[in-house]
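This report refers to the structure that appears directly beneath it.
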Amino acid sequence: MSKKKGLLIVISGPSGVGKKTVLTPLMNNKSLNLAYSISMTTRPKRFDEVHGKDYFFLTKKEFEQQIKEGNLLEWAIYVDNYYGTPKDYVNNLRKEGKNVLLEIEPQGALLIMDYAKKHNDHRFLTVFVAPQSLEHLKSRLLKRATESEEKILKRIKQAEWELTLTNKYDYTIVNGDNPSDATKKLKDILLKKINENVD
């Protein structure tokens, strides 16, 4: 019997909403058989990062060649650097039966939704992780204290726009005061989709 093709799972939501916190406990869950998709980027490698583990680090010229050759599922420019999802890397993992998780910005998520529709891909799931409220998100970002208030306000503005897109996703999960509730909801959604019978 041939292996069932793995799911393509897109998780997105505003910056600071706690996507990693919700996802991390599920990564080693055997019943979910998840693989994390590694993105390509042109931003400089940080001292503790490993090429091929954290990101695939490319030069601007190399990245533009990848775009030209149509090797990316989606790509975008953030703060003067390119970021994108390598098509072959994701497709090969799915052929092995792995359920591939992409944690990407809504901008990229919309492009992947188009790609899946165009290719009539039913092994595809989108989940939006939302904050309890914008106030709640703002206080989380301020508590993180990694950026200036001006930058945080920009992120809030971006989040306002991103929250208008929730109806485009299959599911929306609210990450409130107890992230393990959101993790449990996500696990249930994934199991339901993974076990779906699709020809």
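The values are calculated or read from the model by the stated rules, or taken from the named source; none is laboratory data. Predicted, not measured: the structure shown is a model, and the values here were computed from it. In this analysis, Cβ positions are derived from the backbone assuming ideal geometry, glycine residues included, and neighbour counts consider all displayed protein chains.
Numbers at a glance
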item	result
Sole residue being closer than 18 Å to T85 by Cβ and touching an Asp or Glu at 6+ places or on another chain (Cβ under 8 Å), chosen from G52, G13	G13
Complete set of residues in segment 12-46 that are of a type in the set (S, T, N, Q), touching a residue at least 60 places away in the same chain (Cβ under 8 Å) and buried (at least 18 other Cβ atoms within 10 Å of the Cβ)	S12, S15, S37, S39
Selection within segment 57-71 - surrounded by 15 or more Cβ atoms within 10 Å (Cβ to Cβ) and either part of a loop (DSSP other than H, G, I, E, B) or at pLDDT below 95 (or both)	L58, N71
Selection from segment 137-155 of residues that are surrounded by 12 or more Cβ atoms within 10 Å (Cβ to Cβ) and touching a residue at least 24 places away in the same chain (Cβ under 8 Å)	L137, R140, L141, R155
From the options T166, T126, residue that is within 20 Å of the chain's Cα centre (by Cα) and either among the hydrophobic types (A, V, I, L, M, F, W, C) or surrounded by 18 or more Cβ atoms within 10 Å (Cβ to Cβ) (or both)	T126
G84 being over 19 Å from the mean Cα position of the chain (by Cα) and not in a helix (DSSP H, G or I)	no
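Condition check ((1) within 13 Å of I9 (Cα to Cα); (2) among the small types (G, A, S); (3) in a strand (DSSP E or B)) across all residues:
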residue	(1), (2), (3)
A35	yes, yes, yes
Y89	no, no, no
R94	yes, no, no
M113	yes, no, no
H122	yes, no, no
A130	no, yes, yes
